[in-house]
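Asks: Below are the C-alpha cells for one structure; questions will follow.
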Amino acid sequence: MKILTVISNFNEEKSIERCLLDFNENATIESDLLVIDNASTDQSINLIKKRKVAFLQHPVNTGGSSGVIKTALLYSCMYEYDVYCHLDGDCQHNADELATLIQPIIDKKANIVVGSRFLHKKGFQSFFIRRLGIFSYSYIVSRITGQKITDLTSGFRAYDKKAIRFFAKQYQHEFDPCIQMLLIASFAGLILKEVPVRMNPRCAGRSEIGIIQAFKFPILGAMHIIGIILQKNNIRRLRCS
Amino acid sequence: MQLSVKILSLLCAIFFLIIFICLVRRRSIKPVYSFLWFLISILIFCVVIFERFFKWVANLLHIADASFLIIAGVIFFLLVYVLYLSIKISEASDKIQELISHVAILQKSKQDK
C-alpha cells in the first residue's frame, strides 16, 4: 500500500523541526513524507531544506489550510497514492497514531478517517468556546450525514484512493475542510469514520483560528451547511459519474 | 429637471464615457467588465435627453419623483453587476488555486530531475 503523509507548514519555524523529528522517530507506518509550504515568510522553509525532506512550495499563500489540502490531494492523485494522511506542522498531531488513523482504511471500513480528540477525551481538548462551536456543528453535521462526527475541525485525517480521486477534482478554493468537505463526502457516498486520538496544544505560533475566525466560524458554518444542502443533488450526480 | 442638473448629468456621462474609452484602449480592463461604465454613461445621457419618457414611466408606476425611479434603477443595476463580479471572482479563485497547486507540483518534479 502506497501511503503519503503530508505535513502542512506556514510560518512554523518554531515547531516544524519537532514535527519532522516526531515523524522520523515515531511514525508507526511506512510512508513517504511530503511537507507542503504555504509560502512561508519565516525561516521554516530553510529548516525543512536542511533536513532534506521532500517538500512542495506554493508560489503564493493560498490562505488557510484548504489550499495545502488541495495540493496534497492533487499530488496524491497524480502519484497514485493509496492513502493520504495529513498532519499539521504545529505538533498538535502525533505521528505514533498514524497506524490507528489509517486502520479503518486498511480494513476497508472507511474512505475518510478523522482523528477525534473527543472520543476518548485524552490530551488537549481545546478551549470552552471553541469546544462549544465544535460540538454544535459536529452534532448538526452528524444529523445531516447520519454518520457520527465529534471533532469536525480536526486536521488529523486520512483519505483513501476513492476520496483522493474525488476531492482532487472537486476540492475548490477556500473550501472549508471542516464542514463542507465532510458533508460533500457524505453526499458523494464516501464513508466517514472517526478514531480516537490524543492532541497536543500548539507548541509554538498562533492558530489560524483567531478572534475573527471565532466569529466567522458559526456564520460561515451555517452558510456552508445551507450551500451544501442546496447542492445535494448535484453532488449525488457526481458520485454516479 | 433644472438646467444646472442637466449640465452636471451630461458632464458625468461624458466622464464615464472617457473612462470607458481610456480603460479599454489601455487594456487595463476587459471590454466585458467596462461595459457597465459604458451603459451608465448611456443611461445618464438618456435621462437628460428623454426626460419626459422617464417622467411618464414614473407616473405609470405611481412614483412621485422620477429621480427615485432612476436611483432605484441604478441600484438594481449595480447589485446585478456585483453579483456577476462575485461569480467571476469565485471562478477565478478556483482557477488560481488549481494553478498554484499545479505550479508547486511541477516545481518539485523539476527539482527532482
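The values are calculated or read from the model by the stated rules, or taken from the named source; none is laboratory data. These numbers come from a predicted model, not from an experiment. Quick reminder, even Gly has a Cβ in these numbers, built from the backbone with ideal geometry, and neighbours come from all protein chains shown.
Asks: Give the stretch A:54-68 a look and list any residue that's more than 7 Å from every other protein chain (Cβ to nearest Cβ) and modelled with pLDDT under 90, or say none.
Replies: A:Gly63, A:Gly64, A:Ser65, A:Ser66
Asks: Being surrounded by fewer than 20 Cβ atoms within 10 Å (Cβ to Cβ) and of a type in the set (Gly, Ala, Ser) is the filter; apply it to the stretch A:93-125 and report the residue that is modelled with the lowest pLDDT.
Replies: For the stretch A:93-125, the residue satisfying everything is A:Gly123.
Asks: Out of everything in the stretch A:156-177 that is in a loop (DSSP other than H, G, I, E, B) and within 14 Å of another protein chain (Cβ to nearest Cβ), what residue ends up being nearest to A:Pro201 (Cα to Cα)?
Replies: So the residue we want is A:Pro177.
Here's the yes/no breakdown for (1) farther than 21 Å from A:Asn111 by Cα; (2) out of contact with any Lys or Arg (no Cβ under 8 Å at 6 or more places or on another chain):
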residue	(1), (2)
A:Leu20	yes, no
A:Thr41	yes, yes
A:Asn61	yes, yes
A:Ser66	no, yes
A:Leu74	no, yes
A:Gly89	yes, yes
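Asks: Sticking with this one: Looking at the stretch A:22-53, which of the residues that are under 17 Å from A:Ala95 (Cβ atoms) and of a type in the set (Asp, Glu) is farthest from the other protein chains (Cβ to nearest Cβ)?
Replies: Filtering first and then ranking leaves A:Glu25.
Asks: Going by the conditions given, is A:Asn61 over 21 Å from A:Ile164 (Cβ atoms), free of Cβ contacts under 8 Å to residues at least 60 places away in the same chain and part of a helix (DSSP H, G or I)?
Replies: No: the conditions fail for A:Asn61.
Asks: Return only the number of the condition from (1) within 14 Å of chain B (Cβ to nearest Cβ); (2) crowded, with 19+ Cβ neighbours inside 10 Å; (3) part of a loop (DSSP other than H, G, I, E, B) that A:Thr71 does not satisfy.
Replies: Tallying (1) within 14 Å of chain B (Cβ to nearest Cβ); (2) crowded, with 19+ Cβ neighbours inside 10 Å; (3) part of a loop (DSSP other than H, G, I, E, B), A:Thr71 fails exactly one: (3).
Asks: Inside the stretch A:126-155, can you point out the residues that are modelled with pLDDT under 80 and charged (D, E, K, R)?
Replies: Of everything in the stretch A:126-155, those that are modelled with pLDDT under 80 and charged (D, E, K, R) turn out to be A:Arg130, A:Arg131.
Asks: With B:Leu3, B:Leu11, B:Leu61, B:Leu39 as the choices, which residue is hydrophobic (A, V, I, L, M, F, W, C) and touching a residue at least 24 places away in the same chain (Cβ under 8 Å)?
Replies: Every option except B:Leu39 fails the conditions.
Asks: Taking the residues in the stretch A:1-58 that are among the polar types (S, T, N, Q) and within 22 Å of A:Ile102 (Cβ to Cβ) as candidates, determine which candidate is surrounded by the most Cβ atoms within 10 Å (Cβ to Cβ).
Replies: Per the criteria, the residue is A:Asn9.
Results for (1) without any contact (Cβ under 8 Å) to a residue 12 or more places away in the chain; (2) within 14 Å of A:Gly155 (Cα to Cα); (3) of a type in the set (Lys, Arg), shown as yes or no for each residue.
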residue	(1), (2), (3)
A:Cys85	no, yes, no
A:Gly89	no, yes, no
A:Asn94	no, yes, no
A:Thr100	no, no, no
A:Gln103	no, no, no
A:Lys109	no, no, yes
A:Val114	no, yes, no
A:His120	no, no, no
A:Arg130	no, no, yes
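Asks: Hey, can you tell me all the residues within the stretch A:178-204 that are at pLDDT below 90, in contact with a Gly (Cβ under 9 Å, 6 or more places away or on another chain) and outside any helix (DSSP H, G or I)?
Replies: Across the stretch A:178-204, the qualifying residues are A:Cys178, A:Arg198, A:Met199, A:Asn200, A:Pro201.
Asks: Evaluate the stretch A:140-152: report whether one residue or more is outside any helix (DSSP H, G or I), of a type in the set (A, V, I, L, M) and in contact (Cβ under 8 Å) with a residue 12 or more places away in the chain.
Replies: Yes, the stretch A:140-152 has at least one match.
Asks: Taking the condition crowded, with 24+ Cβ neighbours inside 10 Å and assigned to a helix (DSSP H, G or I), does A:Ile134 pass?
Replies: no
Asks: State which residue pairs qualify: first residue more than 17 Å from A:Ala72 (Cα to Cα) and inside the stretch B:85-113, second residue not in a loop (DSSP other than H, G, I, E, B) in any location, beta carbons under 9 Å apart, and separation of 6 or more residues or different chains.
Replies: Correct list of pairs: B:Leu85/B:Tyr33; B:Lys88/B:Tyr33.
Asks: What pairs can you find where one residue is in the stretch A:155-171 and farther than 13 Å from A:Val83 by Cα, the other is aromatic (Phe, Trp, Tyr) and buried (at least 22 other Cβ atoms within 10 Å of the Cβ), and their Cβ atoms are less than 6 Å apart, with a gap of 6+ or different chains?
Replies: Close Cβ pairs satisfying both conditions: none exist.
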